[in-house]
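Some notes on the structure that comes next.
Just so it is clear, none of the values below were taken in a lab; they were calculated from the coordinates. Because the structure is predicted, anything quoted here is derived from the model rather than measured. All Cβ positions, glycine included, derive from the backbone under ideal geometry; neighbour counts span all protein chains shown.
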Amino acid sequence: MIPLVDLNAQYKSLALEVDDAVMRVLRSGRFVLGPEVEAFESEFAAYCGADFGIGVDSGTSALHLALRAAGVGPGDEVITVPFTFIATVSAIAYTGATPVLVDIDPISLTMDVDQFEAAITPRTRAVLPVHLYGHPADMRPILEIAERHGLVVIEDAAQAHGAEYGGRRAGSLGHIACFSFYPSKNLGAFGDGGALTTSDPVYARRLRGLRNWAAEQPYCHETLAFNNRLDEIQAAVLRVKLRRLDTWNALRRGHAAHYLRLLSDAGVGLPAGREGVADVFHIFAIRVQRRAALQARLSERGISTGVHYPVPVHLQPAFRNLGYERGSFPISECAANEVLSLPMYPELEPAAIRRIAESVKEEVVAWAVA
Ligand SMILES: *Cc1c(COP(=O)(O)O)cnc(C)c1O
């Protein structure tokens with residue numbers, strides 16, 4: 001069976017270094033917020049091209065705290081997209097603000113910039129574009145529109161560690177950026193983890209407070225805050241892995257190019273690149289109308305696939321209260337019905353890619369003939 005992602009293959013390639021890093025923490029007696037976290041924060045911020053890094057316990061926490069640091073609360077509106085992982089929209093709801101959704105662009109599957117601008121009201125406080133699948137949202141116009149309306153721009157970069165837009169990395173494009181280190185992400189911990197990056201010292205200071213009870217002095221708490229700390233073991237592991245991230249992303253790009261060559265005449269929709277953008281292919285998704293059938297046939301052939309995501313957020317029962325209906329966001333709904341994620345991870349073998357592409361082609365051609 002070819003898996004969708006293979007975390008064991010990655011561990012094998014770094015076992016000695018990672019085991020060492022974990023043992024170093026076990027022997028240190030420091031387990032939550034300490035020298036490993038601090039070192040990782042500055043290394044990760046430097047990698048992203050931002051001045052400050054703030055480690056937290058998940059990508060979801062990063063999103064929640066970013067919104068809080070930006071002053072988002074009840075009565076405010078935050079604009080984002082429905083074609084994303086549910087955490088993006090949940091984080092807005094946690095603050096008491098109203099998530100305002102706008103559809104995606106049919107090619108990039110990221111925020112439709114015109115719809116973003118049209119959705120701005122006097123209550124809009126922030127915009128939360130998602131770099132879906134490792135493909136950066138169209139940040140230049142988003143920043144320009146946000147600037148005109150005085151909005152805070154928060155990147156959901158949970159799938160985009162190392163992605164570039166206009167020569168700059170995700171994490172340095174908006175005012176605050178949010179990353180997840182869930183194990184299967186391009187940069188993954190051995191458990192949960194997340195981080196924020198920003199070049200604004202005021203946001204950085206607020207975020208450090210928010211993740212750890214806002215205690216400027218021990219047991220003196222300035223504001224309502226949270227326990228969203230990153231632990232030393234995850235930070236030590238992430239430091240080892242960060243040194244490999246560019247190599248891994250380059251391998252992913254190579255695999256994507258290989259898929260694109262082999263599937264160019266397969267009769268399926270393929271991800272499109274964009275000028276000035278370096279994708280990191282967290283997910284490689286093709287588009288097919290008979291997705292369930294193709295997924296079943298590939299599974300019979302020993303190929304695992306996934307769907308990211310089958311139900312757009314506005315149609316999730318959890319967000320019924322937002323009042324959107326089927327048909328509200330046709331581009332997102334169409335994508336949700338058609339996308340199919342093929343195996344993608346740095347250690348994926350060229351022979352496996354050939355087998356996957358051949359299988360996709362044979363199945364799709366068989367339908368065309370039938
Ligand atoms: C993974 C992910 C998150 C949430 O990250 P966690 O670390 O799982 O909390 C948020 N947004 C997007 C787009 C994601 O892919």
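What percentage of all Cα-Cα pairs in the stretch 193-284 are separated by more than 15 Å? Each step should come with its number before you reach the end.
Numbers: 3099 of 4186 pairs.
Counting pairs separated by more than 15 Å, the tail of P(r) holds 74 percent.
What value in Å³ per residue do you get for the convex hull of the alpha-carbon atoms in the stretch 81-131?
Per residue, the Cα convex hull of the stretch 81-131 comes to 68 Å³.
Evaluate Rg over Rh across the stretch 1-110, taking Cα atoms for both radii and Kirkwood's formula for Rh.
Values: Rg = 18.7 Å, Rh = 17.4 Å.
Taking Rh as the inverse mean 1/r over Cα pairs, Rg/Rh reads 1.07.
Of SER42, LEU65, GLN295, which is farthest on the positive side of the dipole of the chain, counting Cα position, with +1 on Lys and Arg Cβ, -1 on Asp and Glu Cβ, and the Cα centre as origin?
Comparing the listed Cα positions along the dipole, GLN295 ranks first.
So which trypsin sites (Lys or Arg not before Pro) in the stretch 97-183 pass both tests, a DSSP loop state and at most 10 other Cβ atoms within 10 Å of the Cβ?
When the trypsin sites (Lys or Arg not before Pro) of the stretch 97-183 are filtered for loop state and at most 10 Cβ neighbours within 10 Å, nothing remains.
Considering only DSSP states other than H, G, I, E and B, which trypsin sites (Lys or Arg not before Pro) in the stretch 283-366 qualify as loop sites with at most 16 other Cβ atoms within 10 Å? Walk me through the numbers on the way to the answer.
On the way: sites: ARG287, ARG290, ARG291, ARG297, ARG301, ARG320, ARG326, ARG354, ARG355, LYS361; in loops: ARG290, ARG301, ARG326.
In loop regions of the stretch 283-366 (DSSP not H, G, I, E or B), the sparsely surrounded trypsin sites (Lys or Arg not before Pro) are ARG290, ARG301, ARG326.
Just how far, in whole angstrom, is the stretch 160-188 from the stretch 285-343 if you go by their alpha carbon centroids?
Taking the Cα centre of the stretch 160-188 as reference, the centre of the stretch 285-343 is 24 Å away.
Would you kindly work out the equivalent ellipsoid of the chain from its C-alpha gyration tensor and give its semi-axes, the square roots of five times the eigenvalues, largest first in whole Å? Each step should come with its number before you reach the end.
Numbers: eigenvalues 224, 148, 56 Å².
Gyration-tensor ellipsoid for the chain: 33, 27, 17 Å.
I'd like the GluC sites (Glu not before Pro) in the stretch 161-226 restricted to DSSP loop residues with at most 13 other Cβ atoms within 10 Å, sorted by number.
Values: sites: GLU164, GLU216, GLU222; in loops: GLU222.
In loop regions of the stretch 161-226 (DSSP not H, G, I, E or B), the sparsely surrounded GluC sites (Glu not before Pro) are GLU222.
How big is the stretch 45-135 on each of its three principal axes, counting only the C-alpha atoms and giving the largest first in Å?
For the stretch 45-135, the Cα spread along each principal axis is 34, 33, 23 Å.
May I ask for the distance between the Cα centers of the stretch 239-261 and the stretch 27-94, given as a whole number of Å?
Their Cα centres are 24 Å away from one another.
Rg(Cα) of the stretch 88-201 divided by 2.2 N^0.38 Å?
Values: Rg = 13.8 Å, N = 114, 2.2 N^0.38 = 13.3 Å.
Against the compact-globule rule of thumb, the ratio is 1.04.
Taking 1 over the mean of 1/r across every pair of different Cα atoms in the stretch 155-208, what Kirkwood radius in Å do you get?
Details: mean 1/r = 0.0865 Å⁻¹.
Here the Kirkwood hydrodynamic radius works out to 11.6 Å.
How many times 2.2 N^0.38 Å is the alpha carbon radius of gyration of the stretch 1-49? Before the final figure, lay out the partial values.
Values: Rg = 14.5 Å, N = 49, 2.2 N^0.38 = 9.7 Å.
Scaled against compact globular proteins, the figure is 1.50.
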